[in-house]
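Down below is the structure, laid out as structure tokens.
The values are calculated or read from the model by the stated rules, or taken from the named source; none is laboratory data. Here the structure is a predicted model, which is why all the values come from computation and not from measurement. Heads up, the Cβs are rebuilt from the backbone with ideal geometry, glycines too, and the neighbour counts pull from every protein chain shown.
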Amino acid sequence: MISRTPAAPNTTGAEALVDANAATGTIAGTVQSIFQYRELLKHLVLKDLKLKYRGSWLGFVWSLVNPLVMLIVYVVAFKYILGVRGEGFVFLLLLAILAWTFFSSSLSMSAGGIVDNGALIKTVAFPRAVLPIASIFFNLAQYLLTAAVFIPLMLLLHRTPPSVPMLLFPVFLLLQVALTVGIGLALATGTTFFRDIRHFLEIALSVMFWTTPIIYDFNTISSPWQWLVLFSPLSSYVLAYQRIFFYGEWPGVAVSIIAVAYALVALSAGVALFSRYEREFSEQL
């Protein structure tokens, strides 16, 4: 994916190398360059998926192992050891774990999207944003494959009939992807200049895990604390999935507004920040 300008008589090959993305430096330019290189993005995602399961007997089945093990551990710990026996607790837990795994894994991988590919960035011309976004789409592909197996199974086991609100799943998933891409681009940019951000991210994700209704039911929280939990970045999306799949209800005005606001602000800020400092990446690697 290297683009070269017609070489002048005294121009060397290295000087003729043009970074199509470095010529933009704007939000519109970054978005346009990503769209133009969508085939490269697709190739990177497929490559990572093939490498992940190459030489494995079980293949995709391994993507089901992690959420399944987490689910079993939490069920045993909370339902049988701590005595938390709420109706449908396992289903609520599953919906939250799947969304959280996609979010946390995407951020952890996208944070190193630039610094981990220094040699590639210095030698090949392509939109730099493709790298962290490819990591996010790779995790999105695994999330969709896993959800396609677990969610219908849980609906069947809990005898939950299909309902109209479930049609909103793609909408909230798209909003979550926008949120994740925005944060991922910001983290990739920040990590290029400050490597400590990766260590800070581990702590931030640990805190966010407990402020997101994953291992507890949002409805059991006292009113003063509900708003605090609701404004945790991933809470609105987790609550939306739980309400449309488990309760068969519409997500609600507050949840919907917060989900849309977080997605738009994060995506806009992330793309703007990445575009602003993109030209300086090579100097920092």
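Miscellaneous remarks
- The listed residues are S236, S282, and the only one of them that is surrounded by 15 or more Cβ atoms within 10 Å (Cβ to Cβ), under 30 Å from V31 (Cα atoms) and free of Cβ contacts under 8 Å to residues at least 60 places away in the same chain turns out to be S236.
- Residue check for T211: modelled with pLDDT of 90 or more and closer than 30 Å to R38 by Cα: no
- Residue check for R198: within 18 Å of the chain's Cα centre (by Cα), surrounded by fewer than 23 Cβ atoms within 10 Å (Cβ to Cβ) and among the basic types (K, R): yes
- Exclusive hit being over 17 Å from T191 (Cα atoms), hydroxyl-bearing (S, T, Y) and either in contact with an Asp or Glu (Cβ under 8 Å, 6 or more places away or on another chain) or in a helix (DSSP H, G or I) (or both), set Y262, Y277: Y262
- Among the residues of the range 185-206, not one is at pLDDT 95 or above and among the basic types (K, R).
- Under the condition of being part of a helix (DSSP H, G or I) and either within 20 Å of I183 (Cα to Cα) or in contact (Cβ under 8 Å) with a residue 60 or more places away in the chain (or both), the residues counted in the range 121-143 number 16.
- Being within 26 Å of G112 (Cα to Cα), of a type in the set (V, I, T), touching a Phe, Trp or Tyr at 6+ places or on another chain (Cβ under 8 Å) and not in a helix (DSSP H, G or I) holds for only one residue in T180, T212, T192, T160, and it is T212.
- In the condition set (1) surrounded by 24 or more Cβ atoms within 10 Å (Cβ to Cβ); (2) farther than 17 Å from F209 by Cβ; (3) at pLDDT 90 or above, A111 is compliant with all but (2).
- Test: residue in the range 154-171 that is of a type in the set (F, W, Y), within 14 Å of the chain's Cα centre (by Cα) and modelled with pLDDT of 95 or more: no
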